[in-house]
Amino acid sequence: MKVRIVGVTCILASLATQGAYAQAPDTLPFSRLTIRAGALWQTTDSRFARIYSPSAGYSAEISAPFNVGEFALAVERATFTGLAPTPHPDFHGTVGMLKWRMPLPKLGPFIAAVGVHAGAMQFSFQDTVVAPGLRKEMEEVFGVNAMAAVRLPANFSAFAMGEYTHVRLHVPIHIAPLSAGLGYSLNTPGWLRDFLQ
Amino acid sequence: MTGRRVGRGSRVAGRLSLSLLALVGVRLPAQKVVVRRADIERAGWNRVTEILGGAVGWASASVDGSTLASSPDRLPAAGESGPSMPQWIVIVNGQRVPTDLFGMQMLELLPVSVGQIDSVVFMRGPTIYGGRPVTRGVMSIFSRSAHPGVNGELTYQHGDESGDPGPYRYTDLSSPNVEKIGPFAHGDVGWRGRSWDVDAGLHIASLNITDTLIASRFPGAVFSQLRQDVVSITPTVRAGVDALGGRQEVIASRGEQRGLLFIPTQRAEQSLRATESYIGVDGSLVAAGSTTVAYDASTSMLDANELDSPLPFTVGNTRRHVGGTVSASRDIGRSTLTVGAIGDRWTLETDAIAGSKSSSGGGPLVRALVPIGVSTTIDGNATMIFDGSRGASLDASVAASFRLDPATSLVIRGSRVQAHPNMNGDWIDAFVLRYEPPSRVPEFSSLGVSVARQFLPYVGATVEVRAEHVADWAGLGRPSEPQRASTPDSLLHDGSFLGAHVRVETLGLSTWQGSFEYDRTAAFSLGDRGFAPEVASTPVDDLRAQLSASPIRDLRLSAIAAFTGGSRWSAFATSAGTSASVPPVRRIDASMEKWMWHGRLRLELLYRNLLNEPERYHPFGAQWNLRWHVSGTLIL
């Protein structure tokens, strides 16, 4: 597993280096912003699924083309409910991520991209018994993701996104979120593009 | 030289700094390890303490990550050595700043924050540094110069360690909660005019001490009443002016650190509030035609007071230091001759004595820099120290540098330096901790040969081999053994060490930058069997390699590997005849830095210990898992 992580990192770095100078003029860095929002459904690994069940949630992200691929800042939130017969306190799971995706060749109005992401998941426990300072925990997450979208009129798009996320708790959790919704693209305001560069 | 100081961002400037210093580094003996601005940025170091991570071969030991002790020469770690043994020293812009408190280095109380640092030079072994005899090593910090007009920088970093229990806290799979790391923050604002500049800064750090391996050493009811983090806050002021043919500078600070401090000799923590007030001046001026006069003088007060807790408090003390050097240099033909004097005075106040106890030492110094032909330079230093009532002793070092060809240089150096407990205040820790110092002081001798060569236009390499002998190093003895019942001189040891250090690094402005550094120091002759178990507390091997790439503008990706050998600590064993062990560290870090707003904003995402291997730096210390840090730096 460790060797694989290092290997994937090297490959990505190499790809980034090679691809840095092969950019289409219509995808200049930070030239456009795409805002996406949608509904979120999640499944978890079987060990975790025996004690908690995720409810439907929501996801949102803002992405922009980069020199290589595109970057996105994303947030996902859902409530996890303790399961019978001994239900544990519910918690809200909020995930903040930095995503990097590499678009695949376009096929008409269809767009697809695959990538990796890393970030943190905050657990907000609905537990009034423990001290307030212990009701929240934050943990690292990383994983892979894929997105498919179709362009719609007036700069809108519809998307579906799948992820596989590893939450690095002492006993790890694996989450596979699936989200779908609408996106809207716009030219990046000059001041913001100036800031990002 | 980076960040706010030059136009488009610190990535580009960092490369320049890296390149220039790397070229200089080719001419330096490998005894020196140089940590540059770019190294600091890509490693994500936001505390001065963390920069010790770049000093390959300096065996650092820390219980909580906040404060550390370091052995640059493989001599036994703090807690395995007697408390009167000499330590390495810290120099900031030429001024000596006392940081040692019971063998722990209080580097967060220094009058400089990470954002103000241009480079740090680590020198190991006995030497004479600026006329000052140094027995074990020097950490010399150089601040960077600001660009004209208003300038400033603000950095905030936060991190978290993986391995929390999460929702499994309610199940049989529950585990202890682990640490938040930080926040670490530092900022400074200043003005630079044509011939003067002024700068005010502040650095803050907070680190939890709730790791299970720390907390489990206390009864639960006691630990819950202790401060759960170690926090330090240090405001600083610096001003400089170009006048009298040189640059004159004044630095002042008042730092404070609160929380548990591990006292190595006692093998336990005490809850204290340490404050250090410091003011120092340094500079040079031209007098009597071609004579250059250099000076530095400083005064400091390091105060250790009780911080309310259920723990016993026995180490309260106030130690004051006044010291300085003055020297005059004159060119005689192609040679340069320097003569001067050095002196230090220490005063201790503690509840155990009425009034105060003081010591002092100092003496004349001389240095000759003699070029021979076009490719050879002899650098000789000698200092005669009158150390309190102990009489005079002569310390000396000599280095011969040979330029073998345009790309290759050879340096042969030798030195002999004795410890000066009265001049350096080494006796203070022993006095406060009620240990009787031995009658003889340690003496250090070293011989080293280094070769530096530049291969191709882009690669430089340095190889050094060195031998060092120490006489009369004091061990600590068994923890249960009443020190006053044994003769301190019976714990003295002699030993010899043989080491090699290799550094290979890229030079210039290529897309890929990297370095590889390996150090191995082995004991080959230890005078008696009692010394070997103490020396085993420092690792034999240390390796650090880094690789970074800037594949596109304003983005830098870096990977850093650090491998350090394991160690065994006989004084920290839980049963007689055994040793507590610290496993080898095998760590890989990765960072991504992005500059925005035309170089005014730098964001960094950093992962440490990606392999999630056991990472500990002390037998009683915390164990660190994979962790992430996010930091932002705003540059004016």
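Quick check: is even one residue across segment B:100-115 farther than 18 Å from B:GLN257 by Cβ and either of a type in the set (D, E, K, R) or surrounded by 24 or more Cβ atoms within 10 Å (Cβ to Cβ) (or both)? Scanning segment B:100-115, I find at least one residue that is farther than 18 Å from B:GLN257 by Cβ and either of a type in the set (D, E, K, R) or surrounded by 24 or more Cβ atoms within 10 Å (Cβ to Cβ) (or both), so the answer is yes.
Of the strands (runs of 3 or more DSSP E) lying entirely inside segment B:56-96, those carrying at least 2 residues that are small (Gly, Ala, Ser) are B:59-61, B:69-71.
From the list B:GLY159, B:GLY94, B:GLY130, B:GLY152, the lone residue that is within 14 Å of another protein chain (Cβ to nearest Cβ) and surrounded by fewer than 24 Cβ atoms within 10 Å (Cβ to Cβ) is B:GLY159.
If the condition is being away from every other protein chain (no Cβ under 14 Å) and charged (D, E, K, R), then segment A:86-135 contributes A:ARG101, A:LYS106.
The residue that is farthest from B:THR127 (Cα to Cα), counting only those in segment B:320-366 that are among the polar types (S, T, N, Q) and without any contact (Cβ under 8 Å) to a residue 24 or more places away in the chain, is B:SER356. Could you look through segment B:167-191, keep only residues that are of a type in the set (A, V, I, L, M) and either within 11 Å of chain A (Cβ to nearest Cβ) or not in a strand (DSSP E or B) (or both), and pick out the one that is surrounded by the most Cβ atoms within 10 Å (Cβ to Cβ)? Out of the qualifying residues, it is B:VAL178.
Among the residues of segment B:496-517, is any hydroxyl-bearing (Ser, Thr, Tyr), more than 13 Å from chain A (Cβ to nearest Cβ) and within 20 Å of the chain's Cα centre (by Cα)? No.
Kindly establish whether B:GLY566 is under 23 Å from B:THR265 (Cα atoms), modelled with pLDDT of 95 or more, among the small types (Gly, Ala, Ser) and surrounded by fewer than 18 Cβ atoms within 10 Å (Cβ to Cβ). Considered against the rule, which asks whether it is under 23 Å from B:THR265 (Cα atoms), modelled with pLDDT of 95 or more, among the small types (Gly, Ala, Ser) and surrounded by fewer than 18 Cβ atoms within 10 Å (Cβ to Cβ), B:GLY566 comes out as yes. In summary, B:TRP595 fulfils each of the numbered conditions (1) over 28 Å from B:ASP64 (Cβ atoms); (2) surrounded by fewer than 22 Cβ atoms within 10 Å (Cβ to Cβ) with the single exception of condition (2). If the condition is being modelled with pLDDT under 95, under 13 Å from the mean Cα position of the chain (by Cα) and within 12 Å of chain B (Cβ to nearest Cβ), then segment A:22-76 contributes only A:PHE71.
Only one of the listed residues (B:ASP188, B:ASP172) is closer than 30 Å to A:GLU139 by Cβ, acidic (Asp, Glu) and out of contact with any His (no Cβ under 8 Å at 6 or more places or on another chain). That residue is B:ASP172. Do we have any residue at all in segment A:142-159 that's within 25 Å of B:ASN609 (Cα to Cα), among the β-branched types (Val, Ile, Thr) and in contact with a His (Cβ under 7 Å, 6 or more places away or on another chain)? Checked against the condition, which is being within 25 Å of B:ASN609 (Cα to Cα), among the β-branched types (Val, Ile, Thr) and in contact with a His (Cβ under 7 Å, 6 or more places away or on another chain), segment A:142-159 yields no hits at all. Of all residues in segment B:359-375, exactly one satisfies the criterion of being in contact with a strand residue (DSSP E or B) (Cβ under 9 Å, 6 or more places away or on another chain), modelled with pLDDT under 95 and of a type outside the set (A, V, I, L, M), namely B:SER375. Only residues that are touching an Asp or Glu at 6+ places or on another chain (Cβ under 7 Å), hydrophobic (A, V, I, L, M, F, W, C) and not in a strand (DSSP E or B): list them for segment B:520-574, please. B:ALA571, the sole residue that qualifies.
What single numbered condition from (1) closer than 20 Å to B:ILE214 by Cα; (2) polar (S, T, N, Q); (3) within 14 Å of chain A (Cβ to nearest Cβ) fails to hold for B:SER591? Result: B:SER591 passes all but (1). Being farther than 18 Å from A:PRO65 by Cβ, out of contact with any helix residue (DSSP H, G or I) (no Cβ under 7 Å at 6 or more places or on another chain) and crowded, with 16+ Cβ neighbours inside 10 Å is a condition met by no residue of segment A:182-192.
Among the conditions (1) of a type in the set (Ser, Thr, Tyr); (2) over 21 Å from B:SER253 (Cα atoms); (3) surrounded by 17 or more Cβ atoms within 10 Å (Cβ to Cβ), B:SER140 misses just one, which is (2).
Of all residues in segment A:160-188, those that are within 14 Å of chain B (Cβ to nearest Cβ) have Cβ atoms under 7 Å from Cβ atoms of residues that are among the charged types (D, E, K, R) and assigned to a loop (DSSP other than H, G, I, E, B), 6 or more apart or on another chain, in A:LEU169/B:ASP164; A:HIS170/B:ASP164; A:ILE173/A:ASP45; A:HIS174/A:ASP45.
Would you confirm, using the coordinates I've provided, whether B:VAL222 is surrounded by fewer than 19 Cβ atoms within 10 Å (Cβ to Cβ), modelled with pLDDT under 90 and of a type in the set (Val, Ile, Thr)? It is true that B:VAL222 is surrounded by fewer than 19 Cβ atoms within 10 Å (Cβ to Cβ), modelled with pLDDT under 90 and of a type in the set (Val, Ile, Thr).
Before we move on, is B:SER206 without any contact (Cβ under 8 Å) to a residue 12 or more places away in the chain and either out of contact with any Leu (no Cβ under 8 Å at 6 or more places or on another chain) or small (Gly, Ala, Ser) (or both)?
no
Of all residues in segment B:528-562, those that are away from every other protein chain (no Cβ under 14 Å), surrounded by fewer than 17 Cβ atoms within 10 Å (Cβ to Cβ) and either in contact (Cβ under 8 Å) with a residue 12 or more places away in the chain or not aliphatic (A, V, I, L, M) (or both) total 4.
Considered as a group, the residues in segment B:594-629 that are within 9 Å of another protein chain (Cβ to nearest Cβ), among the aliphatic types (A, V, I, L, M) and closer than 28 Å to B:GLY152 by Cα include one that is nearest to the chain's Cα centre (by Cα), and that residue is B:LEU605.
The values are calculated or read from the model by the stated rules, or taken from the named source; none is laboratory data. No experiment lies behind these values; they were computed from the predicted model shown. Backbone-built Cβ (ideal geometry, glycine too); neighbour counts: all protein chains shown.
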